[in-house]
Amino acid sequence: MDAADAVARAGVNVITTETVRDALEILDTEHISGAILDFMVKDGAVTPIVQKLRRNGIPFRIVSGSAIKEIEEKGIPPELCAAKPADYRQVLVSLMKDVPAHSRH
């Protein structure tokens with residue numbers, strides 16, 4: 001929720017979910033320009049979400065208490081990761097560099 005609050009204060013429309021299943025459903029039904037994800041959520045690692053984001057060309061960042069090495073072993077480059085506690089404004093700035101201008105809302 002820290003991420004959602006920080007990003008919303010920056011004027012970005014935020015959709016939150018606590019499970020991989022719900023996030024995958026949101027990706028099927030909503031226009032998403034970018035995503036900030038925790039690596040581990042209630043129903044496991046977010047690797048299925050990352051795969052779908054990549055297929056759809058949607059940039060993302062991972063912010064997690066998990067070891068960056070563990071995340072990297074799942075095929076997620078460390079430069080797309082930040083350790084908790086994170087400066088979510090910096091994470092958002094990094095993410096926005098990858099979001100195409102026409103996708104920003």
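Can you bin the chain into rounded, prolate or oblate? Criterion: square roots of the alpha carbon gyration tensor eigenvalues sorted a ≥ b ≥ c, rounded for a/c under 1.5, prolate for a/b above b/c, oblate for the rest.
Cα axes put the chain in the rounded bin.
For the chain, calculate the relative contact order in percent as a whole number, restricting contacts to Cα pairs under 8 Å that are 6 or more residues apart.
28
The chain: longest stretch without exposed trypsin sites (Lys or Arg not before Pro) (DSSP loop, at most 16 other Cβ within 10 Å), sites themselves excluded?
1-41
Return the carbon/sulfur percentage of the accessible area of the chain, one whole number, probe 1.4 Å, all protein chains in place. Walk me through the numbers before you get to the answer.
On the way: 3190 of 6460 Å².
So the carbon and sulfur contribution to the accessible surface is 49 percent.
Treating only the Cβ of Lys, Arg, Asp and Glu as charged (+1, +1, -1, -1), what charge dipole size does the chain show about its Cα centre? Round to the nearest 20 debye.
It comes to approximately 280 debye.
With every protein chain present, what is the per residue accessible area of the chain (1.4 Å probe, Å²)?
62
Starting from 0.36 nm per residue, how many nanometres of slack lie between A8 and T47 once their C-alpha separation is accounted for?
That works out to 11.6 nm of additional length.
The values are calculated or read from the model by the stated rules, or taken from the named source; none is laboratory data. Since this is a predicted model, take the numbers as computed values, not measurements. Don't worry about glycine lacking a Cβ; one is built from the backbone with ideal geometry, like all the others, and counts go over all protein chains shown. Just the protein is used for accessible areas: all its heavy atoms, side chains included, with ligands, DNA and RNA removed. Shrake-Rupley method; radii C 1.70, N 1.55, O 1.52, S 1.80 Å.
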